[in-house]
1. Given 214, 234, 164, which one is part of a strand (DSSP E or B), in contact (Cβ under 8 Å) with a residue 40 or more places away in the chain and out of contact with any helix residue (DSSP H, G or I) (no Cβ under 7 Å at 6 or more places or on another chain)?
2. Could you list, in sequence order, all residues of region 97-109 that are surrounded by 12 or more Cβ atoms within 10 Å (Cβ to Cβ) and either within 35 Å of the chain's Cα centre (by Cα) or outside any loop (DSSP other than H, G, I, E, B) (or both)?
3. Out of all the residues in region 132-146, which are assigned to a loop (DSSP other than H, G, I, E, B) and closer than 15 Å to residue 119 by Cβ?
4. I need a count of the residues in region 98-111 that are within 14 Å of residue 174 (Cβ to Cβ) and out of contact with any strand residue (DSSP E or B) (no Cβ under 7 Å at 6 or more places or on another chain).
5. Return the pairs, sorted by first residue and then second, in which the second residue is crowded, with 17+ Cβ neighbours inside 10 Å and in a loop (DSSP other than H, G, I, E, B), the first residue lies in region 176-191 and is modelled with pLDDT of 95 or more, the beta carbons are less than 6 Å apart, and the residues are 6+ apart or on different chains.
6. Just checking, how many residues over region 188-209 are surrounded by fewer than 13 Cβ atoms within 10 Å (Cβ to Cβ) and either in contact with a strand residue (DSSP E or B) (Cβ under 8 Å, 6 or more places away or on another chain) or part of a strand (DSSP E or B) (or both)?
7. Taking the conditions exactly as written (in contact with a helix residue (DSSP H, G or I) (Cβ under 8 Å, 6 or more places away or on another chain), at negative phi, assigned to a loop (DSSP other than H, G, I, E, B) and surrounded by 13 or more Cβ atoms within 10 Å (Cβ to Cβ)), does residue 122 satisfy them or not?
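The values are calculated or read from the model by the stated rules, or taken from the named source; none is laboratory data. It should be emphasised that the depicted structure is a prediction, and the values quoted were computed from it without experimental measurement. Reconstructed Cβ throughout: ideal geometry from the backbone, glycine too, with neighbour counts over all protein chains shown.
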């Protein structure tokens, strides 16, 4: 060994034993790990949020803002409405048209609602009645005619005008349709047109051979949405008079 002693001496560095202590660097607080005694302080301005520990409480969905909580299907939904009252034992009034003695000669009965006629109506009616007229079915050919488009089958126009009168005039009061007189179609009806019907009573006379019945003369008129007459038909019907009290059926 030389005569020169070392100028520096080295102290032993303890290892990570049980008695070792790690001193923090100047200006830094110690950081505690998640040991049993460690405490996590919340950030300034923030309340602590409890975790799902044993002492934490989980509120219902209603309190958490996730909508109402239904305990079970029973009792959920609207309850029964108010009970209906007992119905009075009054007369039963059946919807009907008008008896012959209720009709006013010279009066015009305006029927509602109108009926908008579609392409499907026209094609279906024409094919159902075995009518292959190209003027109703062939759009390309109809464009070459003076009309420039298909026309509604005139039989459909007539049937619709008569049918529209039933609820107000002849429902339950008609005996028979005796026939039609003059029928005219002064203006064509096109797809998409709306047909409005009205019936004028020309006269009512008692039947000479059928007591309690009358011969009624009518004129049905159909107009489109512009007020143009598209059909007019004279018609004769056999209708009932109003029944006497002993003839009425409840």
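1. 234
2. Passing the criteria: 97, 98, 100, 101, 102, 109.
3. The answer is 133, 138, 143.
4. Looking only at that region, the number is 2.
5. Pairs that qualify, where the first residue is modelled with pLDDT of 95 or more and the partner is crowded, with 17+ Cβ neighbours inside 10 Å and in a loop (DSSP other than H, G, I, E, B), are 188/151; 189/152.
6. Within region 188-209, residues that are surrounded by fewer than 13 Cβ atoms within 10 Å (Cβ to Cβ) and either in contact with a strand residue (DSSP E or B) (Cβ under 8 Å, 6 or more places away or on another chain) or part of a strand (DSSP E or B) (or both) number 2.
7. Judged against the criteria, residue 122 is not a match.
Matching residues to (1) closer than 23 Å to residue 223 by Cβ; (2) without any contact (Cβ under 8 Å) to a residue 40 or more places away in the chain:
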residue	(1), (2)
107	yes, no
115	yes, no
119	yes, no
130	no, yes
133	no, yes
143	no, yes
147	yes, no
152	yes, no
159	yes, yes
